[in-house]
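Laboratory data are not the source of any read-out in this text; all were calculated from the coordinates shown. Computed from a prediction, not measured in an experiment: that's the story for all the values here. FYI the Cβ positions are ideal-geometry reconstructions off the backbone, even for glycines, and counts take in every protein chain you see.
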Amino acid sequence: MADNDMKPEEAQLAIAKAAQMKPQVQAMRDRLRKMADDEEKGVQILASAIRRFLHQE
C-alpha cells in the first residue's frame with residue numbers, strides 16, 4: 001500500500017502512536033488540520049508527514 005493510500009483508521013492509529021512518542025506531533029497535527037479543507041485528507045497528509053519525520057531520526 002502506498003503512503004497516500006492509507007485508510008483513515010490506519011492514519012488515526014499512526015497519529016496516536018506518534019503523538020505518544022513525540023509531543024510535538026500534536027502541535028503539528030493541529031496546524032495541518034487547519035491547513036486541510038477536508039479532515040480525511042488532512043489526516044492522510046499528517047500520517048505521511050509523521051512517517052517521514054520518524055524515519056529521519
Q) Over the Cα atoms of the chain, how large are the radius of gyration and the largest Cα-Cα distance (Dmax), in Å? A) 10.4, 30
Q.
Can you give me the distance in nm between label points at Gln24 and Asp5, each placed 7 Å from the Cα along the Cα-to-Cβ direction?
A. 3.2 nm
